[in-house]
Amino acid sequence: MITHLQDTITLNNGLQMPGMGLGVFQVANGATAEMVKNAIEVGYRSIDTAAIYGNEEGVGEGIKQALTSTSLQREDLFITSKVWNDGLSYEETITAYEKSLEKLGLDYLDLYLIHWPGKDKYTDSWKALEDLYDQGKIKAIGVCNFTASHLQNLLSFARIKPVINQVEFHPRLQQAELHSFCNNHQIQLEAWAPLMQGGLLEDETISKIAIKYGKSNAQVILRWDVQNGIIAIPKSVRRERMLQNADIFDFLLTDEEMATINAMNLEQRVGPNPNEFDFAL
């Protein structure tokens, strides 16, 4: 269990990944540079973006500015991007990777993910990711929004096991079966929308726990993620909120409090169900 914002989790290929990061979903490209720069300056080392977000240029500019304003080197950061659904052939995946790298202004990515499985559209794309990994252009490869059945199929042909499955995960959507599958196969679960896109910030059950510790609902939820061994990538454009989200390492939820939050599960999504949405373009 991580005990500091910059603590890392060891992925199944031996790579060290920060146990908490910053997501930039739905942040305009023009606002992303300052956001990323601020995040790195206050201590975040992991930044998660995607081609479809349309803000890779801003992320790259923010990284450049942060490396100028701090003593950090590129190797101190962990940068993730994702290939979108409109280009999942082998050749299209290679091209998409190169475009993302160019927009980010980087020489390599730490982690590259297939964004959605679609209707088993990921076979050729995964082979492309494996080859990029073999060539040293990516330090780790993984997937997003894969169910246990998607992962089972992927593992049936993959030469390289995914290190990450990034999925919607929060107290109302705990995906116990998927979490167990990932644990059993040494695939790290990473949470997008860990705060249910703000839907849990006023929840009374979590508020009761938060009051006890003098914390916010967001801090309690992120602490719950940490104690569950989940990597979380909360989004915030405000520097003070970034600091608040990271201020979760000075308290420990009791077993009873963990059980109370665990009991909140309703399998309730704020995003699409991977089994029902193909994202065909």
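Is at least one residue of segment 154-167 free of Cβ contacts under 8 Å to residues at least 24 places away in the same chain, surrounded by fewer than 20 Cβ atoms within 10 Å (Cβ to Cβ) and assigned to a helix (DSSP H, G or I)? Before the answer, list the steps.
Initially, segment 154-167 is screened for residues free of Cβ contacts under 8 Å to residues at least 24 places away in the same chain, giving 156.
The next check asks that each one be surrounded by fewer than 20 Cβ atoms within 10 Å (Cβ to Cβ); those that pass are 156.
From the residues that got through so far, the ones that are assigned to a helix (DSSP H, G or I) too are 156.
Among the residues of segment 154-167, at least one is free of Cβ contacts under 8 Å to residues at least 24 places away in the same chain, surrounded by fewer than 20 Cβ atoms within 10 Å (Cβ to Cβ) and assigned to a helix (DSSP H, G or I), which makes the answer yes.
Being among the acidic types (Asp, Glu) and either within 17 Å of the chain's Cα centre (by Cα) or under 25 Å from residue 189 (Cα atoms) (or both) is the filter here; which residues of segment 202-233 pass it? Full working, then the answer.
Restricting attention to segment 202-233, the residues satisfying the condition of being among the acidic types (Asp, Glu) are 202-204, 225.
Within segment 202-233, 203, 225 qualify.
Just give me the residues in segment 122-153 being free of Cβ contacts under 8 Å to residues at least 60 places away in the same chain and not in a helix (DSSP H, G or I), in sequence order.
122, 135, 136, 137, 138, 141, 142, 143
Could you check segment 213-227 and list, in sequence order, the residues that are touching a Phe, Trp or Tyr at 6+ places or on another chain (Cβ under 9 Å) and not small (Gly, Ala, Ser)? Break it down into steps so the answer makes sense when it comes.
Residues of segment 213-227 touching a Phe, Trp or Tyr at 6+ places or on another chain (Cβ under 9 Å): 213-215, 219-220, 223, 225-226.
Residues satisfying the conditions are 213, 215, 219, 220, 223, 225, 226.
Please return the ranges of helices (runs of 4 or more DSSP H) entirely within segment 214-281 where 1 or more residues are farther than 25 Å from residue 31 by Cβ.
217-227, 255-262
Return the residues of segment 185-208 that are buried (at least 16 other Cβ atoms within 10 Å of the Cβ), touching a helix residue (DSSP H, G or I) at 6+ places or on another chain (Cβ under 9 Å) and closer than 25 Å to residue 165 by Cα; say none if nothing qualifies.
Passing the criteria: 187, 188, 189, 191, 194, 195, 196, 200.
Each reported figure results from applying straightforward, stated rules to the coordinates on display, with no laboratory input. Computed from a prediction, not measured in an experiment: that's the story for all the values here. Note: ideal-geometry Cβ built from the backbone for every residue, glycine included; neighbour counts use all protein chains shown.
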